[in-house]
1. So for the stretch 337-349 (the condition being without any contact (Cβ under 8 Å) to a residue 60 or more places away in the chain and either surrounded by 17 or more Cβ atoms within 10 Å (Cβ to Cβ) or under 26 Å from Glu208 (Cα atoms) (or both)), does at least one residue qualify?
2. Residues in the stretch 242-250: is at least one farther than 30 Å from Val347 by Cα and among the acidic types (Asp, Glu)?
3. Can Gly4 be described as loosely packed, with under 11 Cβ neighbours inside 10 Å, in contact with a strand residue (DSSP E or B) (Cβ under 6 Å, 6 or more places away or on another chain) and either part of a helix (DSSP H, G or I) or modelled with pLDDT under 85 (or both)?
4. Please tell me if Gly276 is under 30 Å from Phe248 (Cβ atoms), of a type in the set (Gly, Ala, Ser) and part of a strand (DSSP E or B).
5. Does Glu235 satisfy the condition of being acidic (Asp, Glu) and at pLDDT 90 or above?
6. Can you name the residue in the stretch 197-214 that is of a type in the set (A, V, I, L, M) and touching a residue at least 60 places away in the same chain (Cβ under 8 Å) and, of all such residues, is nearest to Pro43 (Cα to Cα)?
7. Among Val124, Val143, which is modelled with pLDDT under 85, surrounded by 12 or more Cβ atoms within 10 Å (Cβ to Cβ) and out of contact with any Phe, Trp or Tyr (no Cβ under 9 Å at 6 or more places or on another chain)?
8. Within 58 Å of the chain's Cα centre (by Cα), under 30 Å from Asn156 (Cβ atoms), assigned to a helix (DSSP H, G or I) and in contact (Cβ under 8 Å) with a residue 12 or more places away in the chain - does that describe any residue in the stretch 101-122?
Amino acid sequence: MVLGVLLAACGGGGSGGMPGAFTPQVSVVTLQAQAVTLTRELPGRTSAFLVAEVRPQVSGIVKRRLFTEGGHVDAGQPLYELDDSIYRAQYNSARAALQKAQATLEAARLNADRSAELVKIDAVSTQDNETAIASLRQAEADVASGQAALDSSAVNLAYAHLVSPISGRIGKSWVTPGALVTSDQAAAMAIVQQLDPLYVDVNQSSSEWLQLRQEIAAGRVQSGGRDTPAQIVLENGAAYEHPGKLQFADVTVDPTTGEFLLRIIVPNPNHLLMPGMYVRAVINEGVIPQGILVPQRGVTRDPKGGATALVVDRDGKVERRDIKVSRTVGDQWLVDGGLAAGDRVIVEGVQKAQPGMRVQASEAGAS
C-alpha cells in the first residue's frame with residue numbers, strides 16, 4: 001500500500017503537483033522612462049588662456065635678463081634690459097631742443113605783446129605787428145614739435161627695458177646677455193603664458209552635431225545651451241578634479257576632416273594641466289526627458305548586426321523584439337525604438353529562454 005502511494009505521488013508530480021518544476025527561471029529588468037543625459041567623449045589638446053611672445057621693439061644689445069626661467073611673472077614686471085645709451089642720448093637731445101623751443105616761445109610771446117600795444121599808438125607798423133604774431137605762432141609750433149620728439153624718444157628709451165605684457169608662467173629665454181636683438185626680428189625672446197584658467201580644444205564630427213540638432217529641433221532632446229558642463233579626463237585615464245564649461249563652438253567645418261572646433265575653459269589653479277597635453281572631454285550634449293535605457297547584457301546582435309532583446313509578456317511567455325539602439329550610457333543602451341516603459345527584458349537566463357516559451361520571471365537584483 002505504501003508503494004502504491006509513492007507511485008501515485010511520483011506520477012502526479014509532472015502535471016499539477018509542481019507546475020513550475022520544468023519552467024525556466026529568468027531574471028528581468030522592468031524598463032522605466034527616465035531623464036537621460038547625453039554625453040559625448042571627444043579627444044583634444046590643452047592650450048594657454050593667454051599667450052604673449054616677448055619681442056624687442058627697438059634694437060640693441062641685451063645687458064641683463066631679469067627673470068627666472070619657468071617662474072611666474074606679473075604684468076609689467078621687467079624681463080630684459082637692453083643697452084639704452086643711444087636712446088638716452090636721443091632723449092636728452094630732444095629734451096634740450098624742447099627747452100630751447102620753449103625759451104624762443106617765451107621771447108616771441110613778449111615781443112608779440114609789446115607789438116600789440118605799440119601798434120595801437122602807431123609806434124610800429126601793422127606789418128611789423130603781423131610779423132611778431134607770426135613769429136609767436138611759429139614758436140608755438142616748434143614747442144609742439146619738440147614735445148612730440150621728446151615723447152617719441154621717451155618711448156624708445158622705455159622700449160629698451162622689456163616688461164611682461166601679461167601675468168603668467170614664463171618659459172626659457174631664447175637670448176642671453178650680450179646678444180644683439182633687432183626691432184623687426186621674427187623670433188621671440190621668451191614666451192609668457194597664462195595657465196589658469198586653461199583652454200581645451202576638441203573636435204566634433206559635423207554629422208554628429210547635425211544629428212543632435214535635428215533631435216533637439218524635433219523636441220526629443222533638450223539642449224544644454226551655453227556653458228554646458230564638461231568633465232576632463234587626463235591622458236592616464238584619471239578624471240580631472242575641476243569641471244570645465246563649453247565656451248563656444250566654431251562656425252567653420254574643416255573640409256579635410258569634416259570636424260569643427262569646440263573650446264572648453266577649465267580652471268587650473270594647481271597648474272596640473274600644461275599647454276599641449278592630450279586629454280579627453282566628456283561633454284553634456286543635452287537631456288532626453290523620457291528616455292528608455294536597457295542593460296547591455298539584455299541585448300544581443302543577430303548575424304546581420306541588428307539588435308534584439310527577449311521580453312516576457314503578461315502571460316509569462318518570451319517574445320523576441322527587434323530594437324534600435326543608438327549609443328551607450330554607462331553599461332546600458334539608449335533605446336530608439338522597439339521597447340517601451342513597462343517592458344520586462346530578460347538579462348539573466350537568456351540562453352534558457354526561447355520565443356514562445358513560458359518562463360518564470362523575477363526582477364533582477366530583487367532579494
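1. Yes - at least one qualifying residue is present in the stretch 337-349.
2. yes
3. no
4. Criteria not met by Gly276.
5. Details: acidic (Asp, Glu): yes; at pLDDT 90 or above: yes.
Yes; evaluated as a whole, the condition is true for this residue.
6. Selected residue: Val202.
7. Val124
8. Within the stretch 101-122, one or more residues are within 58 Å of the chain's Cα centre (by Cα), under 30 Å from Asn156 (Cβ atoms), assigned to a helix (DSSP H, G or I) and in contact (Cβ under 8 Å) with a residue 12 or more places away in the chain.
The values are calculated or read from the model by the stated rules, or taken from the named source; none is laboratory data. Quantities reported herein were computed from a predicted structural model and do not represent experimental measurements. Note that each Cβ is placed from the backbone with ideal geometry, even for glycine, and that neighbours are counted across all protein chains shown.
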